Each structure stands twice: as structure tokens, then as C-alpha cells.
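Reviewing the structure listed below.
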Amino acid sequence: MNKDISDLRKKHENSICKVHCKVISTLQCPKSHCTCKVAAEIKAFIEAILPQDYINCKIDQFNGRLLDGTIAIENSFLKEAKENLILYCNGPRGYKKYKENVAYKNIPSYMDERRDSGDNLVIYADSNTKVDIPGKIIKKTPKGKTMLASIVMKEAIKRRGNGRNYHQTYGWWPYSRLKKALQEESRTNEEICQIPDLLSMDWLVVDDIWESPEMSENKSLIL
């Protein structure tokens, strides 16, 4: 089940109609097949699902920097990171076009194929930390994982423009919340009710996966 985006969708419908159709609502649109509703829904889902700091991130503008200008991915790894991002979101054909310097807006998406084949994506990077006592982090420097995940989720949501994807569902859960929901002794009734939705969700980001002490000897559990 998706989040309720009714208010956000209505807000964006009105603003998009004014710009693209020169009317104040979709009801007044003179076009036989107005795309303003679809565009508004896509924009509403992006705002409802993604962390607010990352809703404006774009794959073609990815430069390895956080919103405040902090370098999250060093230049030596930036090219590889962006190419892997393109390869996942746009597939082999899209990646080839990217290498041929085709404008990103003209590169076909591969997200439908990723969803159909159940291709998961793990984004991993060590965050720089300073620790005062064992297991207690007092400072953590982001490495752009949430930003990359936001870009991928955004590409998935944009595929709602294709009618076959209209009923797709999206979710964004912090690892700590998911872990709690799966532990029977600590989860709330609300979280218990949400578990079936998570299992059937089309696109789900589990963010901020951290290595807890009990997992330190088996890093594969993080994935």
C-alpha cells in the first residue's frame, strides 16, 4: 500500500496545469489525453517517498557531492559510481548511449526490466567515523549512499508514466525501523500491519544499514 499523496497530487496538478495547459485545473484541460495528472502524481510520490533533502537529485547531474557541497565520493571513484548508476537504471543499451555522449533525457529507462527480474541493488561505502568508546559513534561523515538510493527510487517512480506501472508501490524504511518491525518482542501493532506490504512492495529502499556488534563477524547479513 502506498502513502496517501492526495493533497500533494492536487497541489501539483494545479501548478502543472497552469504552466503546461494554461488552465487552473485538470477538469478544464482542452486536451483529450492530458498528462498533467500523471506528472502531478509522479511529483507527489517523489516528495512523499524520498528524504526531503534529496528530492531534487538527478542522475544526469550527479557529481558525487552532497547538497551542502561536501564531497561524498572522491573523484577517483566518481566515474565508476556514475557508470554503475547508469548501468542499473538504463541497462546495457542505455549505458552504451551514455558512453556515446547521448543526452540523458534521450536514453531509455531499464527500470521496468529491473523490477520484472527482481534485480536488487546494494550501495555500499564506508562512512568515516570517530569513536570515543567501543561501539559508540560520535561523528559520522556521509558517503552519498542515501543520495544514490534516492536517484534510483526517483527513476523507478518516474516510470509511472507507463500505464503498466500505475499500481506499483514504493517504500523507504530505515534499517533500524525494519529490524525492530521484524523482532516480534519489540514491534508495534502498526509495524506488524505494515510487514505484508513490505513483502509485496515493488520498490523498497532500506536505508542507513549499519554494522551492529552482533553482525560484525558476518557482513553478508547486512545485504
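The values are calculated or read from the model by the stated rules, or taken from the named source; none is laboratory data. Quantities reported herein were computed from a predicted structural model and do not represent experimental measurements. Positions of Cβ are backbone-derived with ideal geometry, glycine not excepted, and every protein chain shown enters the neighbour counts.
Numbers below:
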quantity: Filtered residue count, the range 149-174, keeping only those that are assigned to a helix (DSSP H, G or I) and buried (at least 16 other Cβ atoms within 10 Å of the Cβ); calculated: 13
quantity: Sole residue being assigned to a helix (DSSP H, G or I) and touching a Ser or Thr at 6+ places or on another chain (Cβ under 8 Å), chosen from ASN84, ASN14; calculated: ASN14
quantity: Residue selected from the range 92-124 under the condition under 17 Å from the mean Cα position of the chain (by Cα) and of a type in the set (Gly, Ala, Ser), by the criterion surrounded by the most Cβ atoms within 10 Å (Cβ to Cβ); calculated: SER109
quantity: Scope the range 102-125; condition among the hydroxyl-bearing types (Ser, Thr, Tyr) and either modelled with pLDDT under 95 or part of a helix (DSSP H, G or I) (or both); matching residues; calculated: TYR104, SER117, TYR124
quantity: Matching residues in the range 175-223 - criterion: being modelled with pLDDT under 65, assigned to a helix (DSSP H, G or I) and aliphatic (A, V, I, L, M); calculated: ILE192, MET215, LEU221, ILE222
quantity: Conditions (1) closer than 19 Å to SER150 by Cα; (2) surrounded by 11 or more Cβ atoms within 10 Å (Cβ to Cβ); (3) at pLDDT below 80: number failed by ASP68; calculated: (2)
quantity: Selected residue (only one of LYS22, LYS31 is modelled with pLDDT under 75 and at positive phi); calculated: LYS22
